[in-house]
Amino acid sequence: MGSRLRIATFNLENLDDRPDADPPLDTRIAVLRPQLERLDADVLCLQEVNGQQPVGGGPRQLRALDSLLAETPYAGFHRVASTNPAGPQRGVADKHNLVILSRHPFSDWHEIRHDLVPAPSYRRMTAEPLAETDEAVGWERPVLTATVELPGGQRLHILNLHLRAPLAAHIKGQKEDAFAWKTVSGWAEGFFLAAVKRIGQAFEARLAVERIFDADPNAWICVCGDCNAEEREMPLRVLRADVGDTGNARLATRSLISLEQEIPPDRRYSVLHAGYKAMLDHLLASRALLTHLRGVEIHNEALGDELIGYASAHKSPESYHAPLVAEFAV
């Protein structure tokens, strides 16, 4: 294993073992486990891993993930996961945890949420009743970071992201039901707040990357995950920091490179939505790590259309996100 390093990301989409889960976990495992084994990853970033309450109480655990990883090499990997917002003593969160699995040990790990970027304050303009004070606009999920100690002494810095989807945020009194808005102005304000949350997450992740570069300009960095944004959208531009955006050639060494650019355009998508092919999941690498890149894969051959799937009476056991994996010679 010393001659190669495979880094992968995969949004598992609400992995859970609830008795009423549709489809049940064993059905999902039959589909997802071969996908994970095909990735053959040394470092694997996962999104949307739900947590389960143990029988008799206690901190939430990743029981569904344990079942998925059983009988695979990943079962023995080192693991870090995001924690419950109410406090790590409560275990993981009930929904949408971030997980990093690694064949090699971690020297440290952190979850970052409003540690580098304070939650902006904003007064809702369309709320009913009308808001009288400003409220914090916080993001729901952290950035999960870890340092992997590779053989030979090289360190790999991993950031696992799940940015907010471009769906309008809640505005008090402006919804008729879960899917219908009362007014266009209320929907528009919710959409604006969702954009603030998504770009805020990306900004905080970029600041974390800057701290790594400050300590080591030649750091091996890989930002992985479901960014809910395509290549030229603002969150990706903030994360990448292209010279064309910063306007300063001296900052070129701090740019991150989208590894999926290795894939031909007709194959470059991780989500299908009403027939539209979107690249929402990404692997972004520092130039020092890019030097060792040998190949990139998007496993989208059997990807289903999420709009058709969500409208179906019987849900698919698959994820509506395709996994990505990049291989490096190290």
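Throughout, read-outs are computed from the coordinates displayed, never taken from laboratory work. Nothing here was measured: the structure is a model prediction, and the numbers come from that model. Quick reminder, even Gly has a Cβ in these numbers, built from the backbone with ideal geometry, and neighbours come from all protein chains shown.
Among DSSP beta bridges whose residues both lie in the chain, state the antiparallel percentage, nearest 5.
On the way: 47 of 62 bridges.
Counting only bridges with both partners in the chain, antiparallel ones make up about 75 percent.
Pairs of alpha-carbon atoms within less than 8 angstrom and 6+ residues apart define the contacts here; what relative contact order does the chain have, in percent? Before the final figure, lay out the partial values.
Working: 704 pairs, mean separation 60.9, N = 330.
Relative contact order here is 18 percent.
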Between residue 63 and residue 277, the two model label points (7 Å from Cα along the beta-carbon direction) sit apart by a distance in nm of 4.1 nm
Along the Cα→Cβ direction, 7 angstrom out, place labels at residue 251 and residue 86. What is the inter-label distance in nm?
4.2 nm
Sequence-distant aspartates and glutamates (8 or more away, or on other chains) whose Cα lies within less than 12 Å of residue 277
230, 266, 305, 306
Using alpha-carbon pairs under 8 Å, 6+ residues apart, how would you state the relative contact order of region 184-330 in percent?
23 percent
Hey, of (i) 42; (ii) 59; (iii) 39, which did the structure itself give for percent of Cα pairs over 28 Å apart when calculated?
(i)
Give the shape of region 27-179 as rounded, prolate or oblate, defined through the alpha-carbon gyration tensor: a ≥ b ≥ c are the square roots of its eigenvalues, a/c under 1.5 means rounded, and otherwise the shape is prolate if a/b is larger than b/c and oblate if not.
prolate
Selected from 127, 205, 215 as most flexible by GNM, with the chain as the system and alpha-carbon contacts under 10 Å
215
Full-extension gain in nm, residue 121 to residue 231, via 0.36 nm per residue minus C-alpha separation
36.7 nm
Assign unit charges at the C-beta atoms only (+1 for Lys and Arg, -1 for Asp and Glu), then state the dipole size of region 4-329 relative to its Cα centre in Debye, rounded to the nearest 20.
560 debye
Aspartates and glutamates with Cα under 20 Å of residue 172, excluding same-chain neighbours fewer than 8 positions away:
128, 132, 134, 135, 140, 189
